[in-house]
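Each remark here refers to the structure printed beneath this line.
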Amino acid sequence: MPDREICYVIMPFSKTTDEHTEDYWTGHFEHFLKPLVESDPHLEARRSLALRGDIIKEIITSLVTSRVVVADLTDNNTNVYSELGVRQSFKHGTVTIAEKGTRLPFDIGGKGTLFYHPKDHLRMEDFRALFPEAIGDCLEHPDRPDSHVLEAISGRGTLFEILRRDEAIRRLDAVLSELSYDLDLLKDVVKRAEANQEEGAKRKFPTGRFRHAATELLMTNRYVEEERSFFNSAEGCWDRLVSFNDQLAVWEQAANSTEKWILKTNQRCRKDY
């Protein structure tokens, strides 16, 4: 059989009530949830096991990468809610279920939780029909929103967009600061090259170097929405800054040719920019 999609089940490991013991939860998964999930031959139901190694890392990886996650909220187990929070911070495609009678927190109560009825055969049959449909909907519509967290932090006008904009503003402020420094240094370099070219002048050499880290980040990450011509200008600026630094490094060894290059390139830059 070809590889199947993973349906990861979040549920308690150990005793949560006198009735819901560790053995109960093991049987609940093996004889109830797993067969229901795997009624779709393309799915494999898994739950995390207390194996050796970093179990927390294994759980988080499964929560983030699984196509579908089922969270059983019965008995309001804190670990289950913690894992549900991790899942809903990264991905849609989660089905929440609980035993009838479970009192859900307010922020979860608004979500379409399916309730199963262990002591009511007819209502349990309704659950058996609806549960696979909910899982199938996650597979067919993986981007359909079912996470309040993702809805709040992703997309235009949301928290994520606000944070992204603020970060872009800070980065652009760094670009402006960097360019201001470089313009002052360029004036000093050109002035020094002109003075050195005067007949009989005693040559002096500036020790500063052009900065270009913020410009390079803008050029490579393109964290603002601009036309390609804008980023072409950023690339051209970065190339010039690197070239100037290369020339400054050899200025003392090739003074005359370096100074001529500086003055000629400065004239070209003034024309281009």
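The values are calculated or read from the model by the stated rules, or taken from the named source; none is laboratory data. Values in this document were obtained by computation on a predicted structure and should not be read as measured data. With ideal geometry, Cβ positions are generated from the backbone for all residues, glycine too; neighbour counts draw on all protein chains shown.
Tell me the residue from Leu176, Leu183, Leu130, Leu163 that is closer than 30 Å to Glu99 by Cα, surrounded by fewer than 17 Cβ atoms within 10 Å (Cβ to Cβ), free of Cβ contacts under 8 Å to residues at least 40 places away in the same chain and among the aliphatic types (A, V, I, L, M), please.
Leu130
Which members of segment 67-79 meet the condition of being farther than 16 Å from Phe106 by Cα and either buried (at least 22 other Cβ atoms within 10 Å of the Cβ) or free of Cβ contacts under 8 Å to residues at least 40 places away in the same chain (or both)?
Matches in segment 67-79: Val68, Val69, Val70, Ala71, Asp72.
Looking only at segment 17-34, decide whether some residue is assigned to a loop (DSSP other than H, G, I, E, B), of a type outside the set (Val, Ile, Thr) and under 25 Å from Asp143 (Cβ atoms).
no
Please verify whether segment 203-217 includes one or more residues that are basic (Lys, Arg) and free of Cβ contacts under 8 Å to residues at least 12 places away in the same chain.
No, segment 203-217 contains no residue that is basic (Lys, Arg) and free of Cβ contacts under 8 Å to residues at least 12 places away in the same chain.
From the list Glu99, Glu83, which residue is of a type in the set (Asp, Glu) and within 29 Å of the chain's Cα centre (by Cα)?
Going through Glu99, Glu83 in turn, the sole match is Glu83.
Filter segment 1-36 down to residues that are under 21 Å from Lys91 (Cβ atoms) and in contact with an Asp or Glu (Cβ under 8 Å, 6 or more places away or on another chain), then give me how many there are.
Qualifying residue count, segment 1-36: 8.
All but one of (1) outside any helix (DSSP H, G or I); (2) modelled with pLDDT of 90 or more; (3) touching a helix residue (DSSP H, G or I) at 6+ places or on another chain (Cβ under 6 Å) hold for Pro41; which doesn't?
Tallying (1) outside any helix (DSSP H, G or I); (2) modelled with pLDDT of 90 or more; (3) touching a helix residue (DSSP H, G or I) at 6+ places or on another chain (Cβ under 6 Å), Pro41 fails exactly one: (3).
What are the residues in segment 207-221 that are of a type outside the set (Ser, Thr, Tyr) and in contact with a helix residue (DSSP H, G or I) (Cβ under 6 Å, 6 or more places away or on another chain), if any?
Passing the criteria: Gly208, Arg209, Phe210, Arg211, His212, Ala214, Glu216, Leu218, Met219.
Evaluate segment 217-224: report whether one residue or more is in contact with a Ser or Thr (Cβ under 8 Å, 6 or more places away or on another chain) and under 30 Å from Asp166 (Cβ atoms).
No: zero hits.
If I ask for residues that are within 13 Å of Ala255 (Cα to Cα), of a type in the set (A, V, I, L, M, F, W, C) and part of a loop (DSSP other than H, G, I, E, B), which ones from segment 173-222 would you list?
Once the filter is applied, which keeps residues that are within 13 Å of Ala255 (Cα to Cα), of a type in the set (A, V, I, L, M, F, W, C) and part of a loop (DSSP other than H, G, I, E, B), segment 173-222 yields Ala201, Phe205.
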